[in-house]
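The values are calculated or read from the model by the stated rules, or taken from the named source; none is laboratory data. All of these numbers come straight from a predicted model, not from anything done at the bench. Cβ placement follows ideal geometry from the backbone for every residue including glycine, while neighbour counts extend to all protein chains displayed. Areas reflect the complete protein model, heavy atoms only, side chains present, ligands, DNA and RNA absent. Shrake-Rupley method; radii C 1.70, N 1.55, O 1.52, S 1.80 Å.
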Amino acid sequence: MEEAETVWQKTKTLWNSATNVAATSSTALTDGALVLVRRVQGSAGARPTWTVPFEMAITTLRAAAKTVARDVQTIRMITDNALPRVLLPAGVSYQTAALGPGMPDGEWFWPTGSPTTHRTILFLHGGAFCTCSSSTHRNLLGLLVQYTKSTVLAVDYRRPPENPFPAPLEDAAAAYEWLLQRMPTNRIVIAGDSAGGGLGLTLMVALKKAGRPLPGGAVLLSPWVELKDTYRDSWTRNAGYDFLDSGLATYFARAYAGGQDMDHPKLSPVNADLTGLPPIHIEVGECEMLLDQVFILANRLSKAAVDVRLVVAEDMVHVFPMFTFAFPTPMEDGEPTSEPFRAFERIRDFLDNIIPASCPSTIKPSEFIDLTFEEWHDSERDAEDCIRAASPLTPMDTFDPKA
């Protein structure tokens, strides 16, 4: 009898979730279609540079965020399944990343036919900590590889609410230490979007506090670095443009914090001691809700004497590099390069500046799992300058992200 009741409750929950997803999708798609009608009739876009596909996409996301149930399983039915998983730019390969027992899963991305990339990007995906994965970000990750000619390791960290903080940080730290055993620290870049950007910053602060070697630099795309922030002016000023929803942000923030103080520097790294961090490149949209907290982060990084480069992209919203599909490709029909594509150009230039291509690696991503650091070191005899600059390795178990 008890088992039958459990099955009934699960069935009822699934039905309610599916019903809400259907209603949410209907509302969101209707709002998106209305944008198309208005634009066809000659109405101007919400912002000067917005294409019709971009405005339709943002409007659809905004409607979905406002109407979807505040239930993580329902939201995952949309985010984890509706986002494209297999669309990769030309010249990019990927495979599952199996780092070993007790390690997080993920995916490798690298330039097809060019296994000798000279830097590795550890990427932490966004999705408000609770949703999305490396597979939902494949197009963004593919473009990151295509533009920067880097290898990318995208980590599928454990997600709240099942695994609240510090579980995501522990997984990010484990992946970083795994890389650190196989390459010099100055060839590693930490990157992430939204919640993943905030997690990347938290990781660097934790590494610094533990006395661990820091990466060569970091790239943060619209980083979510202050969990309680739904009150700054940009939340009101950009409400008609961005697709983020304050109620949904609060719901996810509480799930990630798991009852802990959301102002604590470990949860809101904008409040942390930021001194001593490596160069950081930040991309943020002019029209996004998180703009003000990102301004504060950049200001505090600058005051902490960190080499920080902040780009505020005109007319753009949260994690705008995800929306390249809604703009003409560079040089297509003579169109100027749009901001989502420009972001990848700026990231490429930043990485070329901090980690030049003067010492290419000779190891394929698929071979990393089988190499010790000593074997990797032997394969890098032609890259002595880079190796000499690397920080010495220490055992993994010396770093506890909870400390």
Problem set entry | Burial order of peptide ranges 252-260, 318-326, 194-202, 148-156 (average beta-carbon count within 10 Å, highest first) | 194-202, 148-156, 318-326, 252-260
Seminar exercise, completed: Expressed in angstrom and rounded, the centroid-to-centroid distance over alpha carbons for segment 305-321 and segment 177-225 is 18
For this session: Note the full-extension length gain between Ala210 and His264 as 0.36 nm times their separation in residues minus their Cα-Cα distance, in nm to one decimal.
Result: 17.7 nm
Seminar exercise, completed: Rg from C-alpha atoms of segment 161-247, normalised by the globular rule of thumb 2.2 N^0.38 Å, equals 1.28
Exercise. How far is it, in nm, from the label point at Glu314 to the one at Thr49 when both lie 7 Å from their Cα along the line to the Cβ?
Worked result: 0.6
Exercise. Which percent of the Cα-Cα distances in segment 92-354 go past 35 Å?
Worked result: 9
Seminar exercise, completed: Of the listed links Lys149/Lys303; Lys208/Lys303; Lys149/Lys228; Lys149/Lys266; Lys66/Lys266, those spanning more than 27 angstrom between alpha carbons are Lys149/Lys303; Lys149/Lys228; Lys149/Lys266; Lys66/Lys266
For this session: Rank by packing, highest mean first: peptides 205-218, 229-242, 275-288, 61-74, with packing defined as the count of other Cβ atoms within 10 Å averaged across residues.
Result: 275-288, 205-218, 61-74, 229-242
Exercise. Per residue, what accessible area does segment 173-272 have, given a 1.4 Å probe and all protein chains present, in Å²?
Worked result: 28
Exercise. Antiparallel DSSP bridges in segment 104-249: what percent, to the nearest 5?
Worked result: 25
Seminar exercise, completed: Under the 7 Å Cα-to-Cβ spin-label approximation, Val37 and Asn271 lie apart by a distance in nanometres of 4.7
For this session: Using a 1.4 Å probe over the heavy atoms of the protein chains, calculate the carbon and sulfur portion of the accessible area of segment 226-315 as a whole percent.
Result: 49
Seminar exercise, completed: In the neighbourhood of Thr49 defined by beta carbon distances under 9 Å, the net charge of the other residues (Lys, Arg +1; Asp, Glu -1) is -2
